[in-house]
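For reference, the structure discussed in these notes is given below.
Values in this text are rule-based calculations from the coordinates and carry no lab data. These figures come from a predicted structure and were not determined experimentally. Glycine also receives a Cβ, built like all others from the backbone with ideal geometry; neighbour counts cover every protein chain displayed.
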C-alpha cells in the first residue's frame, strides 16, 4: 500500500513534465513563426531598397544624358538610343 502513493506521485510528475514539454514545443513553434515573419519582412524591405536604388541610378543616368548637348548627329543618335533604353528600364521597374 505504501507503493501506490509513490507511483501516483511519479505519474503526476510525468504528467506535469509532459505539459511543460508541450508548452515549450508550442513556444518554440511560435518563436520560429515570428522569426520567419521577421525574416520575410527583412527580405521584402531589402528588395524594395534594391529596387529604389536601381531606379535612382537609372534616373541619374537619364539626367546625365539629357544634360549633354551635342551637334554631332551620330553622338545625338547614340544618346537618344541610350535614353530610350533607360526609359524602358524605368518603366519595367514600375
Using 0.36 nm per residue of separation minus the Cα-Cα distance, give me the extension gain between residue 68 and residue 21 in nm, one decimal. 9.9 nm
Computed FRET value (nearest 0.05) for residue 54 with residue 77, which takes r as the C-beta separation and R₀ as 35 Å: 0.85
Please give the contour-minus-distance gain from residue 90 to residue 34: 0.36 nm per residue of separation, less the Cα-Cα distance, rounded to one decimal in nm. 16.6 nm
Burial ranking of peptide ranges 65-77, 82-94 (average Cβ count within 10 Å, highest at the top): 82-94, 65-77
